[in-house]
Amino acid sequence: MPPSTSSLQIIKRLKKNKLAFGGLIVIFIAIFIAIFGYIIAPDNSPFADMQTVEIQAKKPGHTQLFLKIPEEKITRTGWLSQMFFGSPSSCSFLPISSYKIDGSVLLVEKYVDEDTTVQQSYNINLLTNNDPNKIQEQIIEKKYWLGTDAFGRDIMSRLIIGTRVSLAVGLIAVLISLTLGILLGALAGYYRGWVDEIIMWLVNITWSIPTLLLVFAITMALGKGFWQIFIAVGLTMWVSVARLVRGQVMAIKELEYVQAAKALGYKNSRIILRHILPNIMGPLMVIAAGNFATAIIVEAGLSFLGIGVQPPQPSWGLMIKENYNFIITNNPMLALIPGFAIMLLVLAFNLLGNGLRDAVDVKNPS
């Protein structure tokens, strides 16, 4: 067997690389946020799409008083459904500037804009289900830590829920690219000859097409949508994996332990799966981390152009598209915040990839 690096050695070396380990921590935090997004997010409605147009484009830290008005139809969902898909609100939220109780009537000043309010009245018994003592519970104050977007939605909530899209597109794209790349690269590197020529011809043709143009073509063929964009991105990233695997397999198959396995009469499939591929997992982990970061950027770009994830589902690229006009006005943070999130997550994967490259290097004495 060639010199290899055990999992414990890789983890030990990775811990010594502070930047790579910091990137790994950021990735774990992002995964936690993605899984428990609807529990963490202030707005846990489906897609964090609770719109209040009166408070659109507010700056970070904005606070607003609301009157909770019960809805006639209340949809009940299980806890598992709420965790993954959110929970439809049982109330509508009316932005108000002030309120006053007058007997059995609640008088409120409905907030329209900074200079305009409209007085409205509500029956307290209807608001509290005939329990006037609970009227104070119907008046709440919300704080928008990162402000609101052009539709009055909570930026923080949509940023949290949008983490799922970025991680999901990276994961699925990497799985697709690894599956195709390992399969075709291993076949090309092991069998050589006409098999290698056909596969490398396909690799070169695919590589000659600009990534975005190829993604556009696949997206147009499959249609716009959540899953389509994942598949489209994955189908454009397998070529780098295939070339890497091909080169690694060509080098390893000439080593003595592979020749010994052939002499013992082992099947080619067993030699590839059990003796060659396990010894190239290090370089594969490095390229997988890089592809993960690339997939996040490509998805954000496609969503910004309008052919990626479709509204109202939140995506960091889509959030930039919806709010980029505010960059030249008095509230540029609406577009910059999702941009910073993309930058941070991509940087984390790149740092992890660099750390893995050093950690799996058998020539590295550390």
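The values are calculated or read from the model by the stated rules, or taken from the named source; none is laboratory data. Note that the coordinates shown come from a computational prediction; the quantities given were computed from them, not determined experimentally. Ideal geometry is used to build each Cβ from the backbone, glycine not excepted, and the neighbour counts take in all protein chains shown.
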Q.
So if I check each of ILE160, ILE140, ILE101, which one is farther than 30 Å from PRO332 by Cβ, touching a residue at least 24 places away in the same chain (Cβ under 8 Å) and not in a loop (DSSP other than H, G, I, E, B)?
A. ILE101
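May I ask you to list the residues in the range 248-283 that are within 27 Å of LEU24 (Cβ to Cβ) and modelled with pLDDT of 90 or more?
If we filter the range 248-283 for residues that are within 27 Å of LEU24 (Cβ to Cβ), which is where we start, we get 248, 277-283.
The answer is GLN248, and nothing else.
Quick check, is LEU178 assigned to a helix (DSSP H, G or I), aliphatic (A, V, I, L, M), on the phi < 0 side of the Ramachandran plot and not assigned by TED's automatic domain parsing to the domain that holds GLY301? Steps first, answer last, please.
On the way: assigned to a helix (DSSP H, G or I): yes; aliphatic (A, V, I, L, M): yes; on the phi < 0 side of the Ramachandran plot: yes; not assigned by TED's automatic domain parsing to the domain that holds GLY301: no.
It is false that LEU178 is assigned to a helix (DSSP H, G or I), aliphatic (A, V, I, L, M), on the phi < 0 side of the Ramachandran plot and not assigned by TED's automatic domain parsing to the domain that holds GLY301.
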Q.
Taking the conditions exactly as written (over 30 Å from THR148 (Cβ atoms), assigned to a helix (DSSP H, G or I) and free of Cβ contacts under 8 Å to residues at least 40 places away in the same chain), does ARG274 satisfy them or not?
A. yes
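Within the range 11-39, how many residues turn out to be more than 30 Å from ALA359 (Cβ to Cβ) and surrounded by 15 or more Cβ atoms within 10 Å (Cβ to Cβ)? Break it down stepwise before answering.
Filtering the range 11-39 for residues more than 30 Å from ALA359 (Cβ to Cβ) gives 37-39.
Among the residues that remain, those that are also surrounded by 15 or more Cβ atoms within 10 Å (Cβ to Cβ) are: 37-38.
Qualifying residue count for the region: 2.
Whether any residue in the range 146-154 is at positive phi and modelled with pLDDT of 90 or more is what I want to check.
Taking the range 146-154 as the starting set, the residues that turn out to be at positive phi are 147, 152.
Filter once more, so that each one left must be modelled with pLDDT of 90 or more: 147, 152.
The answer is yes; a qualifying residue exists.
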Q. Has the range 194-214 got at least one residue that is under 23 Å from PRO314 (Cα atoms) and surrounded by fewer than 24 Cβ atoms within 10 Å (Cβ to Cβ)?
A. yes
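Only one of these is within 27 Å of ILE25 (Cα to Cα) and at pLDDT 90 or above: ALA335, ALA295. Name it.
Values: ALA335 fails: at pLDDT 90 or above.
Residue meeting the stated conditions: ALA295.
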Q: Please enumerate the residues belonging to the range 228-259 that are touching a residue at least 24 places away in the same chain (Cβ under 8 Å), assigned to a helix (DSSP H, G or I), of a type in the set (A, V, I, L, M, F, W, C) and over 16 Å from LEU305 (Cα atoms).
A: ILE231, TRP238, VAL239, VAL241, ALA242, LEU244, VAL245, VAL249, MET250, ILE252
